[in-house]
2 protein chains.
Amino acid sequence: MNKILDHIQTHRDDYIQQLKGFLAIPSISALPDHAPDVRRCGEWCVAELQRIGLNNVALHETPGHPIVYGEWLGAPGAPTMLFYGHYDVQPVDPLDLWETPPFEATVREGAIYARGSADDKGQIFMHLKAIEATLAQAGALPINVKVMLEGEEEVGSVNLDNFIAANKDLLKADVVVISDSPMFDRDVPSICYGLRGLAYFQVDVRGSSTDLHSGSYGGAVANPAIVLTQMLAQMKDKGGRIKIPGFYDAVVDVTEAEKKEFSRLPFNEKRWAREIGLPKPFGESGYSTLERKWARPTFEINGLLAGFTGEGAKTVIPARAMAKVSMRLVPNQDPQTIGKLFEDYMKKLAPKSVEVTVTHMHGGKPWTTGFDNDWVQAAGRAIEKGFGRKPVFVREGGSIPVVSTFQEVLGLPSVLFGIGLPGENAHAPNEWLDLGNFHNGVLAAAYLYDELSRVAR
Amino acid sequence: MNKILDHIQTHRDDYIQQLKGFLAIPSISALPDHAPDVRRCGEWCVAELQRIGLNNVALHETPGHPIVYGEWLGAPGAPTMLFYGHYDVQPVDPLDLWETPPFEATVREGAIYARGSADDKGQIFMHLKAIEATLAQAGALPINVKVMLEGEEEVGSVNLDNFIAANKDLLKADVVVISDSPMFDRDVPSICYGLRGLAYFQVDVRGSSTDLHSGSYGGAVANPAIVLTQMLAQMKDKGGRIKIPGFYDAVVDVTEAEKKEFSRLPFNEKRWAREIGLPKPFGESGYSTLERKWARPTFEINGLLAGFTGEGAKTVIPARAMAKVSMRLVPNQDPQTIGKLFEDYMKKLAPKSVEVTVTHMHGGKPWTTGFDNDWVQAAGRAIEKGFGRKPVFVREGGSIPVVSTFQEVLGLPSVLFGIGLPGENAHAPNEWLDLGNFHNGVLAAAYLYDELSRVAR
């Protein structure tokens with residue numbers, strides 16, 4: 001191991017320079033205009049996997065953005081790790097809030113700022129560097145490795161499930177490793193054992209065929225923006241509880257044991273609120289902030305658009321009003337079932353004076369695992385060696401829908417081995433990745449392969 | 001009169017060509033980028049007033065867009081008409097819904113399509129042509145004429161009241177004539193005796209300092225878009241009644257006599273709804289469509305903006321949410337008082353988890369007049385001669401705030417002599433003006449000056 005660790009230490013600065021190249025590609029999967037950039041980024045990954053010594057490397061086409069695959073199978077008898085990550089990134093607007101351009105990675109105060117730095121290019125790269133260092137110094141990996149990188153995670157992994165189902169042999173493994181989540185806090189490395197699911201929708205309300213003069217028509221026609229606000233206002237009560245009938249039916253509530261564990265974590269709510277500039281925390285009555293963001297379902301408006309939104313005043317009644325809305329789901333809520341409940345409720349609330357359309361955009365199932373399984377414990381030891389501290393066991397509020405696919409389709413447990421930090425602005429302007437964590441993460445990933453090689457199957 | 005009418009007939013096509021030049025100037029007062037265009041349009045008016053024979057023509061500076069003034073005072077002893085209009089226009093977005101470019105006036109099916117064609121350049125131009133024809137053929141006008149054209153009507157005439165107060169002598173007159181409203185219907189010319197007022201606001205709700213990942217933070221922070229919808233949803237009940245405390249206190253209700261008059265007008269609600277593509281009319285319970293749009297106050301959302309509004313899906317909790325809202329007011333509601341009631345109510349509804357700001361954008365008082373006064377009756381005779389039909393007496397849902405200024409500051413009655421048509425898309429894409437009405441309007445304006453000259457003071 002020492003030669004590998006030395007290699008990683010020596011190449012610390014090289015890794016940052018190489019990562020900048022990865023981060024320079026604007027692989028925004030949500031925006032059709034960026035489709036060529038997404039493909040270019042996939043091709044960049046293919047070249048990198050080949051360069052570091054993986055075999056059978058290829059760009060696999062899908063109806064959407066391609067999937068990158070590569071493998072190293074030179075450890076017969078040893079366990080096989082399937083590493084999953086995503087090379088696509090979130091959109092960058094509002095662009096004017098970025099201190100430095102989102103696709104010109106900039107290092108300042110020990111962190112690298114760029115779209116995708118934390119989510120997920122930086123965390124993919126950490127593994128690629130650990131694999132590269134191990135192959136370079138030891139000539140072999142202690143385990144078999146399969147790497148699968150998708151380009152559609154930020155748009156709901158719409159083609160990934162089909163790819164996995166069609167390539168069960170190719171993807172055969174013992175454990176999945178994913179690095180796409182933050183640590184609990186700076187100097188508090190963690191293993192994540194639970195994720196929320198997601199159901200995402202667009203709601204469109206149509207009134208007249210064209211915007212109307214609010215003087216000539218006001219008072220005599222339904223205003224789609226008013227109808228939309230009145231419908232959306234009925235999704236949640238003032239105590240933060242969601243009012244969609246049946247929404248909580250399948251929810252497995254937080255256990256008393258978990259509540260106790262959560263309350264022991266070094267979480268400073270005041271600091272947390274201050275860091276994100278919050279006037280005051282708010283959430284469902286009867287739950288703590290950690291419970292609210294990890295283990296309780298949500299209803300959010302992600303976007304609103306209607307009528308005149310420029311500078312100044314324009315007296316129109318908008319012809320249309322649009323909202324993007326989404327719900328984070330917890331075990332055992334199902335995105336399809338929840339989608340149906342939401343659509344039924346919206347349709348029930350819709351007045352006849354307008355036309356309301358609900359479009360299902362994407363969804364993913366929630367997930368939890370036991371943290372006493374051997375793979376998770378092996379990952380815990382690797383993190384302790386890489387970061388010099390025992391990890392804590394946490395849940396995460398975000399969604400990695402593929403985790404439940406790995407479980408259901410391939411029968412594989414997942415280990416969530418994330419080295420981001422809270423406040424990393426993953427879906428916001430000025431996304432960043434701590435470079436100390438990145439470096440420790442490369443070390444921990446090298447230790448991880450070693451630890452996984454010794455897990456009895 | 002005959003020579004004048006002949007002149008107008010002969011120049012019918014010339015007028016349309018000249019009007020196209022006026023309509024080509026994108027004098028959008030609401031958008032700071034268009035300030036030079038607004039000025040250019042004011043200069044175009046100055047040149048035109050000089051060309052047709054007015055004196056003392058000048059561009060008067062204000063802190064905003066300039067005011068055009070010109071006069072012809074060659075009829076000592078005769079009444080003086082102050083003609084008021086506005087040369088600024090509404091913004092044009094959404095631009096992609098225009099069938100032909102908004103500033104390239106296009107004639108089709110007997111109408112001229114362009115931003116400003118009906119509101120208000122076409123109606124200004126109708127008077128300028130009647131003045132031009134009269135001066136050209138009779139060598140003199142039968143009355144004294146003062147023309148005042150402002151460039152800020154579409155942004156609430158913010159500097160007009162000060163200009164009027166500072167120029168009481170310059171603007172001394174007997175009657176104000178304004179052509180900035182539609183006729184009741186095609187072939188139903190009308191005189192308008194009532195207008196609604198306006199109070200316009202922007203509401204901003206701020207949560208976190210930057211957009212947040214809805215997975216990492218969802219459930220534990222207030223979502224400004226949800227707060228905004230919940231606040232706005234409380235402005236109106238399901239029956240269309242406004243819930244702002246005190247909102248109706250000063251309202252003078254529609255009289256039984258008016259209700260009877262309105263119900264006699266040739267109004268086809270089904271056709272009206274079909275023409276604007278409405279699924280179903282909607283408004284305050286207990287009032288007809290005409291009562292709702294002419295004589296009852298309103299609350300409308302004119303614009304909504306928050307978070308991600310592009311194609312696809314982005315899982316953010318927006319840091320900010322914004323709404324433009326406005327209320328149409330009826331006698332005797334005061335925009336300042338209503339603004340205070342609205343702001344107080346919003347502040348009362350605002351939760352501590354966000355910061356809510358209410359900005360007063362502009363306002364104007366409602367207005368009604370007796371339609372039995374001599375000036376109004378003279379205008380009625382002119383319309384009958386120009387259009388070949390007796391006018392009906394109507395109210396209008398829009399706002400011309402300066403009408404109450406003329407009454408209060410200059411002590412002048414106003415005659416609303418409008419030749420637009422319902423459905424003219426005044427504040428929407430594909431604004432148009434019927435060319436038959438425009439032509440009859442030039443004739444009626446020439447008759448108007450003649451009729452006004454015979455009113456006893």
Tally the residues that are open to solvent by 20 Å² or more (accessible area, probe 1.4 Å) and small (Gly, Ala, Ser), restricting the search to region A:400-427.
2
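Name the residues in region A:171-183 that are of a type in the set (Gly, Ala, Ser), at pLDDT 95 or above and surrounded by 24 or more Cβ atoms within 10 Å (Cβ to Cβ), would you?
Across region A:171-183, the qualifying residue is only A:179.
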Extreme residue, farthest from residue B:312 (Cα to Cα), among residues of region A:360-380 that are at pLDDT 90 or above and among the small types (Gly, Ala, Ser)
A:378
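Take the conditions more than 30 Å from residue B:249 (Cβ to Cβ), not basic (Lys, Arg) and not assigned by TED's automatic domain parsing to the domain that holds residue B:225 and apply them to residue B:407. Does it pass?
Working: more than 30 Å from residue B:249 (Cβ to Cβ): no; not basic (Lys, Arg): yes; not assigned by TED's automatic domain parsing to the domain that holds residue B:225: yes.
In short, no.
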For region A:309-326, how many residues meet the condition of being free of Cβ contacts under 8 Å to residues at least 40 places away in the same chain and open to solvent by less than 10 Å² (accessible area, probe 1.4 Å)?
2
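Residue-by-condition table, conditions (1) more than 23 Å from the chain's Cα centre (by Cα); (2) not assigned by TED's automatic domain parsing to the domain that holds residue B:177:
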position: B:311; (1), (2): yes, yes
position: B:314; (1), (2): yes, yes
position: B:317; (1), (2): yes, yes
position: B:322; (1), (2): yes, yes
position: B:327; (1), (2): no, yes
position: B:332; (1), (2): no, yes
position: B:381; (1), (2): yes, no
position: B:396; (1), (2): no, no
Take the residues in region B:380-397 that are more than 14 Å from every other protein chain (Cβ to nearest Cβ) and open to solvent by less than 30 Å² (accessible area, probe 1.4 Å), then tell me which one is nearest to residue A:281 (Cα to Cα).
B:391
Yes or no: residue A:201 within 11 Å of another protein chain (Cβ to nearest Cβ) and modelled with pLDDT of 95 or more?
yes
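Results for (1) out of contact with any strand residue (DSSP E or B) (no Cβ under 8 Å at 6 or more places or on another chain); (2) of a type in the set (Asp, Glu); (3) closer than 27 Å to residue A:389 by Cβ; (4) buried (at least 24 other Cβ atoms within 10 Å of the Cβ), shown as yes or no for each residue.
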site	(1), (2), (3), (4)
A:144	no, no, no, no
A:166	yes, no, no, no
A:169	yes, yes, no, no
A:185	yes, yes, yes, no
Being more than 8 Å from every other protein chain (Cβ to nearest Cβ) and touching a strand residue (DSSP E or B) at 6+ places or on another chain (Cβ under 7 Å) is the filter here, so list the residues in region B:236-246 that pass it.
B:242, B:243
Take the residues of region A:267-278 that are under 17 Å from residue B:355 (Cα atoms) and without any contact (Cβ under 8 Å) to a residue 40 or more places away in the chain: which is surrounded by the most Cβ atoms within 10 Å (Cβ to Cβ)?
A:278
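From B:220, B:173, which residue is more than 20 Å from the chain's Cα centre (by Cα) and in the same structural domain as residue B:31 (by TED's automatic domain parsing)? Lay out the reasoning, then the answer.
Numbers: B:220 fails: in the same structural domain as residue B:31 (by TED's automatic domain parsing).
Result: B:173 is the single residue among B:220, B:173 that is more than 20 Å from the chain's Cα centre (by Cα) and in the same structural domain as residue B:31 (by TED's automatic domain parsing).
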If only one of A:211, A:204, A:237 is open to solvent by less than 40 Å² (accessible area, probe 1.4 Å) and more than 25 Å from the chain's Cα centre (by Cα), which one is it?
A:211
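Residue-by-condition table, conditions (1) surrounded by fewer than 18 Cβ atoms within 10 Å (Cβ to Cβ); (2) at the interface with another protein chain (Cβ under 9 Å from one of its Cβ atoms); (3) small (Gly, Ala, Ser); (4) in contact with a Lys or Arg (Cβ under 9 Å, 6 or more places away or on another chain):
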position: A:265; (1), (2), (3), (4): yes, no, no, no
position: A:305; (1), (2), (3), (4): no, yes, no, yes
position: A:336; (1), (2), (3), (4): yes, no, no, no
position: A:351; (1), (2), (3), (4): yes, yes, no, yes
Candidate set from region A:319-334 (those that are at the interface with chain B (Cβ under 7 Å from one of its Cβ atoms) and in contact with a Pro (Cβ under 8 Å, 6 or more places away or on another chain)); member that is farthest from residue B:318 (Cα to Cα):
A:321
For region B:399-439, the count of residues that are more than 11 Å from chain A (Cβ to nearest Cβ), in contact (Cβ under 8 Å) with a residue 40 or more places away in the chain and among the charged types (D, E, K, R) equals 1
I'd like the full set of residues that are β-branched (Val, Ile, Thr), touching a residue at least 60 places away in the same chain (Cβ under 8 Å) and farther than 21 Å from residue B:433 by Cβ, limited to region B:1-47.
B:4
Does region A:218-225 contain at least one residue that is touching a Leu at 6+ places or on another chain (Cβ under 7 Å), open to solvent by less than 20 Å² (accessible area, probe 1.4 Å), facing chain B (nearest Cβ under 8 Å) and modelled with pLDDT of 95 or more?
yes
Neighbours by Cβ (under 9 Å, 6+ apart or cross-chain): first from region B:133-151, under 15 Å from residue B:81 (Cα atoms); second basic (Lys, Arg)
B:142/B:454; B:146/B:172
From B:138, B:118, B:130, grab the single residue that is small (Gly, Ala, Ser) and in contact with a Lys or Arg (Cβ under 9 Å, 6 or more places away or on another chain).
B:138
Can you name the condition, by its number, that residue A:213 falls short on among (1) within 11 Å of another protein chain (Cβ to nearest Cβ); (2) at pLDDT 95 or above?
(2)
Residues satisfying the stated conditions in region A:337-374, i.e. outside any helix (DSSP H, G or I), closer than 28 Å to residue A:198 by Cα and polar (S, T, N, Q):
A:357, A:359, A:368, A:369, A:373
Residue B:377 fails exactly one of the following numbered conditions: (1) open to solvent by less than 30 Å² (accessible area, probe 1.4 Å); (2) part of a helix (DSSP H, G or I). What is the number of that condition?
(1)
Picking from A:134, A:100, A:62, which residue would you name as being polar (S, T, N, Q), surrounded by fewer than 18 Cβ atoms within 10 Å (Cβ to Cβ) and farther than 14 Å from residue A:430 by Cα?
A:62
Please specify each residue of region B:281-300 satisfying the condition of being facing chain A (nearest Cβ under 7 Å), within 8 Å of residue A:219 (Cα to Cα) and assigned to a loop (DSSP other than H, G, I, E, B).
B:282, B:283, B:284, B:296, B:298
Determine if region B:88-101 includes at least one residue that is assigned by TED's automatic domain parsing to the domain that holds residue B:161, within 20 Å of residue B:129 (Cβ to Cβ), in contact (Cβ under 8 Å) with a residue 24 or more places away in the chain and not polar (S, T, N, Q).
yes
Can you pull out the residues in region A:10-24 that are under 17 Å from residue A:111 (Cα atoms), exposed (fewer than 14 other Cβ atoms within 10 Å of the Cβ) and not acidic (Asp, Glu)?
A:12, A:17, A:21
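The values are calculated or read from the model by the stated rules, or taken from the named source; none is laboratory data. Quick caveat: nothing in here was measured; it's all calculated off a predicted structure. Neighbour counts are summed over all protein chains in view; Cβ atoms, including those assigned to glycine, are modelled from backbone coordinates with ideal geometry. Side chains included, ligands, DNA and RNA excluded: accessible areas come from the protein's heavy atoms. Shrake-Rupley method; radii C 1.70, N 1.55, O 1.52, S 1.80 Å.
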